Amino acid sequence: MPDQTLNAEKEQLLADVRSVLNHTEELLAGAGEEGGAKAQELRNKLGANLKLAKERLLEAEKLTVAKARAAAKVTDQYVHEHPWKAIGIAAAIAFLLGLLVSRR
């Protein structure tokens, strides 16, 4: 369940970033057409949108790192509890990869 929550949060963050970037592109297109005070206002909005996008990307990075750390912790715990199973699984994967590589 926590894995699904992280995925949902990550997808929401990425959707938010896409939305912010799309809005920023629209503002940028409008900024090229405007001059004077209106152009300054558009540049300010662009700066705010880019700052928001950067913050959202940092949040997505933190979620991804947290998920990777959780996966590494679970894997480490499993390997310590079942060392021979882990060795067997690693050997099987290595064997299958060897078969795939030798076919080329």
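Count of the stretch 1-35 residues, restricted to those that are at pLDDT 75 or above, loosely packed, with under 14 Cβ neighbours inside 10 Å and of a type in the set (Gly, Ala, Ser), is 2. Listed by first and then second residue, the pairs linking a residue in the stretch 62-76 that is closer than 21 Å to LEU14 by Cα to a residue that is in a helix (DSSP H, G or I), with Cβ atoms under 7 Å apart and 6 or more places separating them unless they lie on different chains, are LEU63/LEU6; LEU63/GLU9; LEU63/LYS10; LEU63/LEU13; THR64/LYS10; LYS67/LEU6. Are any of the residues in the stretch 34-49 assigned to a helix (DSSP H, G or I) and under 30 Å from GLN4 (Cα atoms)? There is at least one residue in the stretch 34-49 that is assigned to a helix (DSSP H, G or I) and under 30 Å from GLN4 (Cα atoms). For LEU97, the conditions (1) of a type outside the set (Ser, Thr, Tyr); (2) surrounded by 11 or more Cβ atoms within 10 Å (Cβ to Cβ); (3) without any contact (Cβ under 8 Å) to a residue 12 or more places away in the chain all hold with the exception of (2).
Residues of the stretch 39-85 being among the polar types (S, T, N, Q) and open to solvent by 60 Å² or more (accessible area, probe 1.4 Å), which ones?
Residues of the stretch 39-85 among the polar types (S, T, N, Q): 40, 44, 49, 64, 75, 77.
GLN40, ASN44, THR64, THR75, GLN77 - these are the residues of the stretch 39-85 that are among the polar types (S, T, N, Q) and open to solvent by 60 Å² or more (accessible area, probe 1.4 Å).
Can you find even one residue in the stretch 67-84 that is modelled with pLDDT under 85, assigned to a helix (DSSP H, G or I), touching a helix residue (DSSP H, G or I) at 6+ places or on another chain (Cβ under 6 Å) and of a type in the set (Lys, Arg)? Write out each step before concluding.
Of all residues in the stretch 67-84, those modelled with pLDDT under 85 come to none.
Among the residues of the stretch 67-84, not one is modelled with pLDDT under 85, assigned to a helix (DSSP H, G or I), touching a helix residue (DSSP H, G or I) at 6+ places or on another chain (Cβ under 6 Å) and of a type in the set (Lys, Arg), which makes the answer no.
The values are calculated or read from the model by the stated rules, or taken from the named source; none is laboratory data. Predicted model only: the values in this text are computed from it and were never measured. Note that we place each Cβ from the backbone using ideal geometry, even for glycine, and neighbour counts take in every protein chain shown. To get the accessible areas, we keep the full protein, side chains included, count just its heavy atoms, and leave off ligands, DNA and RNA. Shrake-Rupley method; radii C 1.70, N 1.55, O 1.52, S 1.80 Å.
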